[in-house]
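Take a look at the structure below.
The values are calculated or read from the model by the stated rules, or taken from the named source; none is laboratory data. Values in this document were obtained by computation on a predicted structure and should not be read as measured data. When we count neighbours, we look across all protein chains shown, and the Cβ atoms used for this are built from the backbone with ideal geometry, even at glycine.
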Amino acid sequence: MGEKIADHKTWVESSVEQETSSLPFTFSISQKRTSRKKNVRKVLLPLIAGILFLLLWQYQVFHRIFQLETYQLPIPTSIGEAFVENFSTLISFTGYTLTEAFFGMVIGSALGFLWAILAAAFPKWGKSALMLIVAFNAVPIVALAPIMNLWFGNGIGSRIAIVTITTMAAMAINTYKGLMNVNPLALDLMYSYAAKKTKVFRYLRITNSLPYIFTALKINTTASMIGALVGEFFYSSKGLGYLLSNSIKIAQMPLGWCCIVIASIGGVLFYLIMEGLEKVFLSWHTSERT
């Protein structure tokens, strides 16, 4: 009788071990299925919403709601026809505008980053320096356009300067916050190892500021497009902003809406590029791991 009980106990223990050993595999399969469903929803839901939006636009539902005429809000097919008819001009002007936005964003972000480092290195006047750059950035683009045009001429340099000023403040403020918002325990640990200030700044403060830097870059992707378009709107003979302004003047609204759609797509692509770079360079961060 005792031997039968022992055999039964051994059988139960072995069956439990087999079931528990298969749990991680089952859990990983269910986790993969859940992640796939989430990815499908991320793609499918925006796609359905976009198609529904275009259909409502095409069949003039928005026109009836807001009491608009087709010359005020062209339908998507008219915009598509204008895009095909003016394809070469739109591509050329898009490249011009993206060049202004890209170089202006790079220069403005670099200057804002350096400004934040100086403000963090000299904290006595750091906040005052940040207020100065914020005040400089608060100047409307409408006022900056003629000044930059006077300084840099009617070429591409004036629009790059406008975008540079537009993108400096976001980078400076976010980077400064990342440099100063450091965990005190991490600072105590570095000082306990007798780390120099330069080492603390390089390995702790700069590393801590990286998520803030990429946040500023993602903000600047849209701000750079806005700065480039508004600068071209007032002083330019080329670019999407110039073409948009000219299209409104001569009442070619489908062509003007082509410029708006292309500029929106350009801003979204800029944002997605920065988001991809953030995932690459911040793979160690908790936000990316989760």
Looking at the stretch 145-164, which of its residues are touching a residue at least 60 places away in the same chain (Cβ under 8 Å) and surrounded by 15 or more Cβ atoms within 10 Å (Cβ to Cβ)? Ala145, Met148, Asn149, Ile156, Ser158, Arg159, Ile160, Ile162, Val163, Thr164
Identify all residues within the stretch 115-153 that are among the small types (Gly, Ala, Ser), under 16 Å from Val230 (Cβ atoms) and in contact with a helix residue (DSSP H, G or I) (Cβ under 7 Å, 6 or more places away or on another chain); write none if there are none. Ala145
Is at least one residue of the stretch 191-206 in contact (Cβ under 8 Å) with a residue 12 or more places away in the chain and small (Gly, Ala, Ser)? no
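Quick test for you: out of Gly153, Gly157, pick the one residue that is under 26 Å from the mean Cα position of the chain (by Cα) and of a type outside the set (A, V, I, L, M).
Gly157
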Being closer than 24 Å to Lys249 by Cα and of a type outside the set (S, T, N, Q) is the filter here; which residues of the stretch 63-74 pass it? His63, Phe66, Leu68, Glu69, Tyr71, Leu73, Pro74
Going through the stretch 146-165 in order, the residues found to be in a helix (DSSP H, G or I) and over 15 Å from Gly239 (Cα atoms) are Pro146, Ile147, Met148, Asn149, Leu150, Trp151, Phe152, Ala161, Thr164, Ile165
Which of the residues belonging to the stretch 67-83 are of a type outside the set (Val, Ile, Thr) and either touching a residue at least 24 places away in the same chain (Cβ under 8 Å) or under 21 Å from Ser247 (Cβ atoms) (or both)? Leu68, Glu69, Tyr71, Gln72, Leu73, Pro74, Pro76, Ser78, Gly80, Glu81, Ala82, Phe83
What single numbered condition from (1) under 30 Å from Trp257 (Cβ atoms); (2) polar (S, T, N, Q); (3) surrounded by fewer than 14 Cβ atoms within 10 Å (Cβ to Cβ) fails to hold for Ser128? (1)
Out of all the residues in the stretch 27-37, is one or more in a helix (DSSP H, G or I) and modelled with pLDDT of 85 or more? no
Using beta carbons and a limit of 6 Å, which pairs, at least six apart or on different chains, have the first residue in the stretch 119-142 and part of a helix (DSSP H, G or I) and the second one of a type in the set (Val, Ile, Thr) and modelled with pLDDT of 80 or more? Ile141/Val230
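Residue-by-condition table, conditions (1) closer than 23 Å to Leu54 by Cα; (2) touching a strand residue (DSSP E or B) at 6+ places or on another chain (Cβ under 6 Å); (3) among the small types (Gly, Ala, Ser):
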site	(1), (2), (3)
Glu232	no, no, no
Gly239	no, no, yes
Ile250	no, no, no
Cys258	yes, no, no
Ala263	yes, no, yes
Gly266	yes, no, yes
Tyr271	yes, no, no
